[in-house]
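Trainee: Take this structure, written in structure tokens, and hold onto it; I'll ask about it next.
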Amino acid sequence: MSSDALRPARTKLVVTLGPASRTPKMVRGLVRAGASVFRMNLSHGTPDDHARIVELVREAEREVGRALAVLADLPGPKVRLGRLDPDPFPFRPGLRFELRPDGGSDERGAPTTYPGLGADLEPGDRVLLADGAVELTVAEVRGGVVVTECVRGGWARSHQGVNVPAERLGLPAVTERDREGLARVLELGVDFVAQSFVRAPDDVRQLRALMDERIVPIVAKIETGPAVHAIDAILDEADAIMIARGDLGVELPMEEIPLIQKDLVRRARAAGRPAIVATQMLESMLHAPRPTRAEASDVANAVLDGADAVMLSGETAIGSYPFEAAAAAMRIAARAESAGGAFLARTEPRRPASEGAAIARAAALTAAADLGVVAVTCYTETGRTARLLSAERPAAPIYAFIPPEDVRRSTCLLWGVEALPSRVPADTDEMVALMDEGLREHGLAEAGQAVVMVAASPAGRTTTNMLKVHRIGMPLR
């Protein structure tokens, strides 16, 4: 293996914390493996569990001295089975099974968590259980009870998902459980909120309106057909997207998912929004210390598609090898980045939408020129300049000097960006000097090496308008 493969991956890693990884030692290990964002799934665990996750990540952040972020994943309008009897329940082709608004369970049916399901479905509709393991078709709706017939048999367990066509589902975009969870995680100080089962841009607007004073970035989970069709409008509203292939693959034909993934990443890149590819990346590592060859290809292809981040779910939350899974994902990503240049997805050149975007484009081109540039660096107080630089995918590493702690954490999803603490400079000369000093202090550049600096000038402006090729340690004037 070439030495290039050992360079740290610039693709970010999101890991899910759960019973297998909710310890100080394991969180530190996941950071060492390359994780920068820690997801807590509000569909599972208790409020005390969620508070503990935030505490663990903050402890690790203080210990390693670099920004780490917490992503809270809201449950969303997900329909689940109630208790099954027996559990697990064997569904056989031809079996008639009732999905009830309430009541008990027996061999003829069970309740669901959505009493209004009967009002949303009609004969002929497809219903999938347990992530598609069981396929039912609606035979009739009788007094709120959905009578189904099993088309494809399999096993389902209590509380597993019930998937119906998203455009038919009458549940609100933001449920009462979401409202309660959002209020709680904002109090805990999370850095991102993932919104499940987004169907339209107004869903994102509704969630943001509930945040009041503390606005945090929203990651829209693309896992429904309507969201795929409305992706450009959703990208206008959301701060990032997650391509959640589990429910997406249940709702849409599985053979379409690879192409949809590529299209969604491409559109996110064009919109300048981070894209996370998620679900079953290294699924076999729930029980095995090494991934399959197909899983390695899956991670590599997400990187080559241009994703900003890949995400592990059960692999790190409940699997037997959380650290090994995280380390494997980062090794695969690093190798794809270092040796896969010829296979990278090409994005269509787009006209810069602002002065700042034009400066970021110029910075990336300058870094690619034969000038010996070792880094692209920026000073930003809002994170906007870092986002613009990340979208351009410069050849050199991006180091963002950012005074506010919460803004440093918000860059943890940005491809190739490493956030560094900074003081607020008095003027442009001091801003250039602090970037020069910071790169040397962190061992990121040596005297005489060339770096590209991007910022707003004079210091304090909000518009990125400065590009400077600077030699480390050289006089400013």
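Trainee: May I ask you to list the residues in region 108-159 that are under 16 Å from residue 88 (Cβ atoms) and over 35 Å from the mean Cα position of the chain (by Cα)?
Mentor: Hit for region 108-159 is 109, nothing else.
Trainee: Which residues, counting only those in region 85-108, are among the aliphatic types (A, V, I, L, M) and surrounded by fewer than 21 Cβ atoms within 10 Å (Cβ to Cβ)?
Mentor: Listed by number, the list holds a single entry, 95.
Trainee: Among the residues of region 459-473, count how many are closer than 18 Å to residue 354 by Cα and touching a residue at least 12 places away in the same chain (Cβ under 8 Å).
Mentor: 6
Trainee: Could you list all residues from region 186-218 that are farther than 16 Å from residue 247 by Cα and β-branched (Val, Ile, Thr)?
Mentor: 190, 193, 204, 215, 216, 218
Trainee: A further question follows. Is there a residue being crowded, with 23+ Cβ neighbours inside 10 Å, of a type in the set (A, V, I, L, M, F, W, C) and either under 23 Å from the mean Cα position of the chain (by Cα) or closer than 23 Å to residue 311 by Cβ (or both) anywhere in region 374-386?
Mentor: Checked against the condition, which is being crowded, with 23+ Cβ neighbours inside 10 Å, of a type in the set (A, V, I, L, M, F, W, C) and either under 23 Å from the mean Cα position of the chain (by Cα) or closer than 23 Å to residue 311 by Cβ (or both), region 374-386 yields at least one hit.
Trainee: Tell me yes or no: at least one residue of region 18-36 is within 22 Å of residue 161 (Cα to Cα) and part of a strand (DSSP E or B).
Mentor: So far as region 18-36 goes, no, none of its residues is within 22 Å of residue 161 (Cα to Cα) and part of a strand (DSSP E or B).
Trainee: I'm trying to understand the selection: among the residues of region 443-455, which are in a loop (DSSP other than H, G, I, E, B) and touching a Leu at 6+ places or on another chain (Cβ under 7 Å)?
Mentor: Across region 443-455, the qualifying residue is only 445.
Trainee: Name every residue in region 259-294 that is surrounded by fewer than 23 Cβ atoms within 10 Å (Cβ to Cβ), more than 15 Å from the chain's Cα centre (by Cα) and within 21 Å of residue 328 (Cβ to Cβ), in order of residue number.
Mentor: Across region 259-294, the qualifying residues are 283, 284, 286, 287, 288, 289, 290, 292, 293, 294.
Trainee: Next up: Among the residues of region 145-157, are any outside the structural domain of residue 303 (by TED's automatic domain parsing) and assigned to a loop (DSSP other than H, G, I, E, B)?
Mentor: Yes, that holds for at least one residue.
Trainee: Just for helices (runs of 4 or more DSSP H) wholly inside region 176-285: which have at least 2 residues that are at pLDDT 95 or above?
Mentor: Of the helices (runs of 4 or more DSSP H) lying wholly inside region 176-285, those with at least 2 residues that are at pLDDT 95 or above span 176-188, 201-209, 225-229, 231-237, 257-271.
Trainee: Can you give me the number of residues within region 366-394 that are free of Cβ contacts under 8 Å to residues at least 24 places away in the same chain and touching a helix residue (DSSP H, G or I) at 6+ places or on another chain (Cβ under 9 Å)?
Mentor: Qualifying residue count, region 366-394: 0.
Trainee: Select, from 443, 416, the only residue that is free of Cβ contacts under 8 Å to residues at least 24 places away in the same chain and at positive phi.
Mentor: 443
The values are calculated or read from the model by the stated rules, or taken from the named source; none is laboratory data. Keep in mind that this is a model prediction, so the values were computed, not measured. Methodologically, a virtual Cβ is constructed for each residue, glycine included, from the backbone with ideal geometry; neighbour enumeration extends over all protein chains shown.
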